[in-house]
Amino acid sequence: QVRLVESGGGNVQAGGSLRLSCAASGRLFGINEMGWYRQAPGNQHELVARITSDGSTTYTDSVKGRFTISRDNAENTVDLQMNSLKPEDTSVYYCVIKDRIGGYWGKGTLVTVSS
């Protein structure tokens with residue numbers, strides 16, 4: 001069984017920073033992609049950022065230049081450094097990991113950005 005534990009969410013004022021962390025454990029077979037999605041109330045899940053096993057990264061346009069994703073392959077962890085946060089970044093953020101078997105989602109961590 002795969003377990004994802006997210007941490008780092010919270011309340012912050014616009015312009016502030018937060019760092020989200022996710023640690024994966026359990027029966028994982030060759031993690032190839034790690035990433036973060038988010039879902040604001042009334043909206044669908046949106047890819048925020050992802051990073052492959054070779055370090056290639058993808059960001060949604062709205063966070064480019066503000067967010068940075070990183071991973072530690074040895075520890076099976078993925079972090080998301082979020083700077084210059086905006087009220088529209090308010091969402092539940094989910095850690096997502098994909099291995100050769102399938103994809104796994106964390107329970108989510110709430111990020112609230114006040115203006």
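The values are calculated or read from the model by the stated rules, or taken from the named source; none is laboratory data. This structure is a prediction, so every number in the text was calculated from the model and none was measured. We place every Cβ from the backbone using ideal geometry, glycine too, and count neighbours over all the protein chains shown. These accessible areas exclude ligands, DNA and RNA; they are computed on the full protein's heavy atoms, side chains included. Shrake-Rupley method; radii C 1.70, N 1.55, O 1.52, S 1.80 Å.
The table for this structure:
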read-out: Residue check for SER70: open to solvent by 30 Å² or more (accessible area, probe 1.4 Å), of a type in the set (S, T, N, Q) and more than 14 Å from GLY8 (Cβ to Cβ); value: no
read-out: Of all residues making up the stretch 74-115, the number that are of a type in the set (S, T, N, Q) and either open to solvent by 50 Å² or more (accessible area, probe 1.4 Å) or without any contact (Cβ under 8 Å) to a residue 24 or more places away in the chain (or both); value: 4
read-out: Positions within the stretch 58-103 being outside any loop (DSSP other than H, G, I, E, B), of a type in the set (A, V, I, L, M) and over 11 Å from the mean Cα position of the chain (by Cα), in sequence order; value: VAL63
